[in-house]
1. Given N residues in the chain, what is Rg(Cα) / (2.2 N^0.38 Å)?
2. Below 15 angstrom from the Cβ of Leu159, what's the summed charge of the other residues (Lys, Arg +1; Asp, Glu -1)?
3. Can you pull the Kirkwood radius for segment 37-167, inverse mean 1/r over Cα pairs, to one decimal in Å?
4. Taking every Cα atom in segment 156-195, find the radius of gyration and the maximum pairwise distance Dmax, and write them in Å.
5. Pull up the cross-link candidates among the lysines for Lys37, meaning alpha carbon to alpha carbon under 27 Å and not fewer than 8 places away within one chain.
6. Check Thr135: other-chain or 5+ apart residues with amide H under 5 Å from its amide H, H built from backbone geometry?
7. Quick one: what do you get for segment 183-244 if you divide its Cα Rg by 2.2 N^0.38 Å?
8. List the equivalent ellipsoid semi-axes of segment 112-189 in whole Å, largest first, each obtained as the square root of 5λ for an eigenvalue λ of the Cα gyration tensor.
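Values in this text are rule-based calculations from the coordinates and carry no lab data. Here the structure is a predicted model, which means the values were calculated and not measured. Backbone-built Cβ (ideal geometry, glycine too); neighbour counts: all protein chains shown.
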Amino acid sequence: MKPPLWSNKLQQTGTLWIAADLHLGPDTPATTAAFLKFLQEASTQADALFLCGDIFNAWIGDDLCQQAPAWLEQINSALRAYSRHHRLYLMRGNRDFLLGFDFARHVNAELLPEQILLQSDAGLIALSHGDELCTDDIAYQRFRRIVRWPWLQACYLRLPLSWRQKIANYFRDKSQRQNKTKPNYIMDVNPEAVAQQACAVDPVALIHGHTHRPARHILRHEPLVYRWVLPDWDYEHDQRGGFISISAKGICLVQHQHTELCQDSPLFTSAQ
Ligand code: LP5
Ligand code: MN
């Protein structure tokens with residue numbers, strides 16, 4: 001039986017930074033550099049860091065860390081440097097759903113379940129990667145269910161790393177091709193379904209990534225509940241990235257390219 005939505009609770013006080021959809025890999029040196037810089041800034045400004053899924057462009061198994069390639073080793077050592085003095089939390093996304101406890105231990109992080117009800121200094125926040133909220137994307141939800149079968153994952157993880165990489169490349173290519181043909185609304189969360197589900201746990205906000213459409217939407221008017229969407233990162237083709245900061249002062253979406261959008265900023269018509 002499926003657990004009820006947002007049934008896992010976590011308390012974390014102080015300034016929290018949340019990022020997702022970094023899509024790091026061997027072909028993203030500029031994005032990796034931006035992420036390493038972000039980790040350094042986080043180490044002086046954030047008490048805890050939440051990386052909420054799709055940290056990696058395709059994760060083929062924690063055993064990759066046993067003899068980590070150079071691109072991964074520099075990320076892992078930067079994560080360890082951060083987690084030496086601060087709390088580091090990780091969530092799985094749809095591209096790195098195979099991230100496991102071995103990886104979390106390797107970087108001294110805590111691996112979270114797919115949805116968390118976070119008790120923060122800004123109030124109760126529902127947090128997830130967000131792919132499970134795209135309920136109109138029937139093909140993806142089927143794919144999601146299948147790749148979570150434990151026996152399938154176990155078989156995959158027994159394959160040599162080079163085969164696993166080929167299979168991952170195949171699914172990444174297929175996904176990119178199919179995404180071009182899917183209507184926009186299918187690739188987004190279903191706002192009514194999300195409002196109904198998330199508001200049932202009475203949060204002050206819902207924060208998620210995955211859709212790559214950074215924004216602040218109104219989820220409910222009375223009392224006011226926002227749905228914040230995290231930006232994706234791409235410094236190879238663009239200068240795109242950012243994070244959400246949570247503190248006793250409230251919630252702010254900080255996009256590296258743009259300005260800050262905070263809880264008490266006026267509403268915009270495009271991204272309410
Ligand atoms: O990731 P993105 O942004 O491109 O698109 C996502 C959805 N796509 C995915 C696929 C991932 O990108 C691929 C990740 C590879 C990781 C390693 C692979 C290890 C395999 C391990 C097996 C145990 O998540 C995309 C969504 C989009 O977000 C927006 O929400 O639309 O969904 C798809 O592209 C899925 C296709 O629509 C359906 C594919 C059908 C495949 C049939 C199932 C066969 C499963 C067999 C498993 C071995
Ligand atoms: Mn995603």
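1. Relative to the rule-of-thumb radius for its length, the chain sits at 0.97.
2. Values: positive: Arg158, Arg164, Lys166; negative: Asp62, Asp63.
Charge balance near Leu159 sits at +1.
3. Kirkwood radius, segment 37-167: 16.1 Å.
4. Calculated on Cα positions, Rg and Dmax stand at 15.3, 43 Å.
5. Lys249
6. Asn190
7. Ratio of Rg to 2.2 N^0.38 Å for segment 183-244: 1.24.
8. Details: eigenvalues 152, 81, 25 Å².
Semi-axes from the Cα gyration tensor: 28, 20, 11 Å.
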